[in-house]
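The values are calculated or read from the model by the stated rules, or taken from the named source; none is laboratory data. Quick caveat: nothing in here was measured; it's all calculated off a predicted structure. With ideal geometry, Cβ positions are generated from the backbone for all residues, glycine too; neighbour counts draw on all protein chains shown.
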Amino acid sequence: MRTILLGPPGAGKGTQAETIVREFNIPHISTGDMFRYNLKQGTELGVKAKEYMNKGLLVPDELVVAMVEDRLKNEDCANGFLLDGFPRTVIQAEALDVVLSKIGVHLNKVVNIEVNPELLVKRAVGRRICKECGATFHVDFNPSSKGSECEKCSGSLYQRDDDTEETVSKRIQVYTSETQPLIDYYDKKGILAVVDGDQPINIVSETIIKVLKED
Ligand code: ADP
Ligand code: AMP
């Protein structure tokens, strides 16, 4: 299974990815997570990316594409992958097409998670992530049963630096102008599926898995 989760910040891509990658036994490739990992490790790429991330802007295409191309060549992608947060521009989508044709594979489906815009800021601002295992929670909509600790591994939960109301609003604007055109891009290729992301987490998961199995 080679798939992409599309959707605005806070749509639920990371949350859904946790379930989908388990179901299909494929790696979860989140470019946001890769940048955050690089930042934590203090790499040059991480330091460069931070400048953009904290302003709610996109990291330049050439940096993202090189990082993803490298990742897709990894052996664990041989039977598929789930891309989350990439591509985010038409240039990135075109570059991905080139990379995939070089490897000799194609995308099975692109799932667009649609969410009522009013919910997005609330979802992102209330998001909490486990420092240890990366699991995602929400203070109101999906709280950890262990409060400020992760219910899966007891790691402490943190709030992303870019999950402030101001930065999230900027990220949604950037999504609308830069990423939304990809809905059309993949629809024209005949591989787009649209899922109602306003539903509870488990219902959205069931719907996405069903859609992916239709392939
Ligand atoms: P994205 O990766 O698209 O930015 P996340 O998966 O991190 O979004 O989800 C954003 C926040 O919304 C998280 O705190 C998550 O727990 C919560 N969330 C995700 N899906 C739902 C849903 N269907 N209903 C309610 N809250 C959700
Ligand atoms: P995310 O974790 O997907 O919400 O991404 C967090 C931030 O990382 C974004 O706001 C961007 O600054 C950066 N980022 C992640 N993926 C990409 C991408 N494909 N292209 C450009 N910037 C990205």
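To keep it simple, each residue is scored yes or no on (1) within 17 Å of the chain's Cα centre (by Cα); (2) of a type outside the set (Phe, Trp, Tyr); (3) under 17 Å from Gly197 (Cα atoms).
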| site | (1), (2), (3) |
| --- | --- |
| Thr89 | yes, yes, no |
| Ala93 | yes, yes, no |
| Leu96 | yes, yes, no |
| Lys102 | no, yes, no |
| Leu107 | yes, yes, no |
| Val115 | yes, yes, yes |
| Leu120 | yes, yes, yes |
| Arg123 | yes, yes, yes |
| Arg127 | yes, yes, yes |
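Selection of segment 154-192 for residues being within 16 Å of ligand 1 (Cβ to nearest atom) and within 25 Å of Asn25 (Cβ to Cβ) yields only Gly155.
Scanning segment 9-31 for residues that are closer than 22 Å to Leu63 by Cβ, within 14 Å of ligand 2 (Cβ to nearest atom) and assigned to a loop (DSSP other than H, G, I, E, B) turns up just one, Pro9. Pairing each residue of segment 56-71 that is touching a residue at least 40 places away in the same chain (Cβ under 8 Å) with any residue that is assigned to a loop (DSSP other than H, G, I, E, B) and near ligand 2 (Cβ under 10 Å from one of its atoms), provided the two are 6+ apart or on different chains, yields C-beta distances under 8 Å for Gly56/Asp162; Leu58/Arg88; Leu58/Thr89.
Inspect segment 89-103 for any residue being modelled with pLDDT under 95 and surrounded by fewer than 18 Cβ atoms within 10 Å (Cβ to Cβ) and give the result as yes or no. Within segment 89-103, one or more residues are modelled with pLDDT under 95 and surrounded by fewer than 18 Cβ atoms within 10 Å (Cβ to Cβ).
Looking only at residues of segment 24-51 that are hydroxyl-bearing (Ser, Thr, Tyr) and buried (at least 17 other Cβ atoms within 10 Å of the Cβ), we find that the one that is farthest from ligand 1 (Cβ to nearest atom) is Thr31. Residues in segment 143-179 that are part of a loop (DSSP other than H, G, I, E, B), touching a Lys or Arg at 6+ places or on another chain (Cβ under 8 Å) and among the acidic types (Asp, Glu): Asp162, Asp163.
Comparison of Asp196, Asp184, Asp163, Asp215 shows that the only residue that is of a type outside the set (A, V, I, L, M, F, W, C) and modelled with pLDDT under 95 is Asp215.
Scanning segment 126-147 for residues that are more than 15 Å from ligand 2 (Cβ to nearest atom) and hydroxyl-bearing (Ser, Thr, Tyr) yields Ser144, Ser145.
Which of the residues spanning segment 33-78 are closer than 19 Å to Thr179 by Cα and small (Gly, Ala, Ser)? Correct list: Ala49, Gly56, Ala66.
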